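In what follows, a structure is listed as structure tokens, so that the remarks can point back to it.
Derivation of every value follows stated rules applied to the coordinates shown; laboratory data play no part. Since the model is a prediction, treat every value here as computed from it, not as a measurement. Because the Cβ atoms are built from the backbone with ideal geometry, glycine has one as well, and the counts that use them run over all protein chains shown.
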């Protein structure tokens, strides 16, 4: 019985010691590379932190593509695909959170 409990307890103790996944920083990099005047390091970092809490990596990659190709956002928004509609709702929620979280950096 003690061996049965020892393995799960040992595993629980080791979990915090395991390396955490590396942040993708997809939006942060795209923001910093953009030619927009307001794209400061602090603002881009704030946007990325909000994205990490709100969007999957795939969503972040798609959102980052809007910085380079703004028309792509319009295409996604107007798309008839259900997956695009669902993404767009998540993206708009993310956008609202960015405004609330990062407005002091503008």
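Quick notes
- For segment 53-83, filtering for residues that are outside any helix (DSSP H, G or I) and farther than 23 Å from residue 36 by Cβ leaves 4.
- Members of segment 86-99 that are more than 13 Å from residue 66 (Cβ to Cβ) and loosely packed, with under 14 Cβ neighbours inside 10 Å: 86, 89, 93, 96, 99
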